[in-house]
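Below is one structure, written out as structure tokens; comments come after it.
The values are calculated or read from the model by the stated rules, or taken from the named source; none is laboratory data. Since we're looking at a predicted model, the values are computed, not measured. Don't worry about glycine lacking a Cβ; one is built from the backbone with ideal geometry, like all the others, and counts go over all protein chains shown.
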Amino acid sequence: MSTSAPDRASLQRRALRLEYATIAWNIGEAVLTVALGVAAGSLALIGFGVDSVVEVFASSVVVWHLRPGRGANHGDRTRLALRLTAIAFLTLAVVLTFAAISDLVSGRRAGESPWGIAYLAVTAVVMFGLAATKRRAADGLGSAPLRAEAQMTFLDGMLATATLIGLAVNAAFGWWWADPTAALLVAAAAANEARENWEEAS
């Protein structure tokens, strides 16, 4: 069933509002989690802050795609947006893999960060909610870049959950390896998303 022009315009405005909200949240998230990570000596929290910067880039790509210039070839813009999103996924996978392997090799043990744990819990709820809403908007618009970015938002929620569990388990039982192990799983999922988006763009 095709979407009427007024409905499509409304969906497009909604999608843009979602992306602007994601950008604003992730800018604040990057600053706060890196600060908390430095204070607690937690590479996991610092890595999560870097992930937020990657998410800002991916959201900016979708904003650019949803607001095409006059005379632009929409197919070309879609392919470029998918490739840029694939690069964002790959960057996330590389950052997480590097941070996780560094932690596993060095046996680095982060200090406790109750504020970090609380913030990650809120972030997980927000990211899962945003991801679900973006998917619905992407389906209505038929936007592959928005659908791909919604998956990145979902992975951001997964990473928040994994980091939260890792920090909590480390604080409760001293299992310092739980967080980097979970980060490696998220990195593998991000790498797979990078491959799929690049292939779809091709």
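Below are the figures for this structure:
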| item | result |
| --- | --- |
| ALA171 being modelled with pLDDT under 85 and more than 20 Å from the chain's Cα centre (by Cα) | yes |
| Candidates LEU45, LEU11, LEU36, filtered to the one that is more than 17 Å from the chain's Cα centre (by Cα) and modelled with pLDDT under 85 | LEU36 |
| Identity of the residue in region 6-50, under 22 Å from LEU167 (Cα atoms) and among the aromatic types (Phe, Trp, Tyr), that ends up surrounded by the most Cβ atoms within 10 Å (Cβ to Cβ) | PHE48 |
| Pair list, Cβ < 6 Å and 6+ apart or interchain, from region 153-179 residues that are free of Cβ contacts under 8 Å to residues at least 60 places away in the same chain and closer than 14 Å to ASP103 by Cβ to residues that are of a type in the set (Phe, Trp, Tyr) and in a loop (DSSP other than H, G, I, E, B) | VAL169/TRP175 |
| Criterion: surrounded by 15 or more Cβ atoms within 10 Å (Cβ to Cβ), β-branched (Val, Ile, Thr) and more than 23 Å from ASN197 (Cα to Cα) - qualifying residue of VAL95, VAL126, VAL62 | VAL126 |
| Residue count for region 30-58, restricted to those that are touching a Gly at 6+ places or on another chain (Cβ under 7 Å), under 26 Å from LEU146 (Cα atoms) and either of a type outside the set (Val, Ile, Thr) or not in a helix (DSSP H, G or I) (or both) | 2 |
| Of all residues making up region 143-190, the number that are in contact with a Lys or Arg (Cβ under 9 Å, 6 or more places away or on another chain) and under 30 Å from GLY75 (Cβ atoms) | 8 |
